[in-house]
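Notes for the one structure printed next.
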Amino acid sequence: MTDAPIRRMAGRGRFITFEGGEGSGKTTQIKKLAERLEAAKLRAIITREPGGSPGAEVIRHLLLSGMGKLLGPEAETLLFAAARDDHVRTVIQPALVQGTWVLCDRFSDSTRVYQGRVGHVAAGLLNAMERVTIGDLKPDLTVILDVPVEIGLKRAAARRGSAAPDRFESEDVKFHQGLREAYREIAASEPQRCVLVDASADANAVAASIWTALRDRFFATPAAGIASTA
């Protein structure tokens, strides 16, 4: 069903991040949300981390090739921080100032999960990197896509086909189970910012859950101009 017109929101755009383990469906769901926002006449861009800007994309190649792992977890964290700094300054902040919605595939929560919880990088270093790279910039909403590890890894394998797994896909099951637990803990500890979505469901059902969460947080009741997803 086509949504009724959404009352336009003046001023700063909204910053929506998508998080989750490998094969959780972030790319699919970001595209679905972007299409729905476009249909509602709201400007939106899709971006990703690591990457999203020319300088950050260079660093992305190094990270996913496994170079960061060879250098050690602290050095890998610094590479992520450098990529994020360029991404925030050149893409995310300018878009938000212009009133554009920014939909980002991974952000600072990924660093806290992958390098912090699983990689055992000290919280002090992570906090310092956040102060330098993002300052007061926080997502308005973080969608955490939760899927059992076995399902996620199977999806990731199907997606890459005959290609070799990247730096993180190649880790063992215990690593990925740790990721899932860490993401679930973030969702439980920050309910005002995060919404945990069952990503093992049909893609359209997952998209409907995400849209409901976005509607409830950013718009008034359906009577104020947005149709129900029911």
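Some notes on this structure:
- For residue 33: the one exception among (1) in contact with a helix residue (DSSP H, G or I) (Cβ under 7 Å, 6 or more places away or on another chain); (2) buried (at least 22 other Cβ atoms within 10 Å of the Cβ); (3) in a helix (DSSP H, G or I); (4) not hydroxyl-bearing (Ser, Thr, Tyr): (2)
- Selection within the range 144-166 - closer than 18 Å to residue 183 by Cβ and either buried (at least 18 other Cβ atoms within 10 Å of the Cβ) or touching a residue at least 40 places away in the same chain (Cβ under 8 Å) (or both): 144, 145, 146, 147, 148, 149, 151, 152, 153, 155, 156
- Residue within the range 137-150 that is part of a helix (DSSP H, G or I) and in contact with a Gly (Cβ under 6 Å, 6 or more places away or on another chain) present: no
- Residues of the range 112-125 classified as within 11 Å of residue 73 (Cβ to Cβ) and either surrounded by 17 or more Cβ atoms within 10 Å (Cβ to Cβ) or small (Gly, Ala, Ser) (or both), total: 7
- Where residue 170 falls short, out of the listed (1) polar (S, T, N, Q); (2) within 25 Å of residue 76 (Cβ to Cβ); (3) modelled with pLDDT of 95 or more: (3)
- Restricting attention to the range 166-220, the residues that are touching a strand residue (DSSP E or B) at 6+ places or on another chain (Cβ under 9 Å) and among the aliphatic types (A, V, I, L, M) add up to 13.
- Criterion: in contact with a strand residue (DSSP E or B) (Cβ under 9 Å, 6 or more places away or on another chain) and in contact (Cβ under 8 Å) with a residue 12 or more places away in the chain - qualifying residue of 63, 141, 125, 79: 141
- Residue check, residue 215 surrounded by 14 or more Cβ atoms within 10 Å (Cβ to Cβ) and either assigned to a helix (DSSP H, G or I) or at pLDDT 90 or above (or both): yes
- Filtered residues of the range 191-201 (kept if surrounded by 14 or more Cβ atoms within 10 Å (Cβ to Cβ) and either of a type outside the set (Ser, Thr, Tyr) or outside any loop (DSSP other than H, G, I, E, B) (or both)): 193, 194, 195, 196, 197, 199, 201
The values are calculated or read from the model by the stated rules, or taken from the named source; none is laboratory data. Only a predicted model underlies this, so the values are computations on that prediction, with no experimental measurement involved. Heads up, the Cβs are rebuilt from the backbone with ideal geometry, glycines too, and the neighbour counts pull from every protein chain shown.
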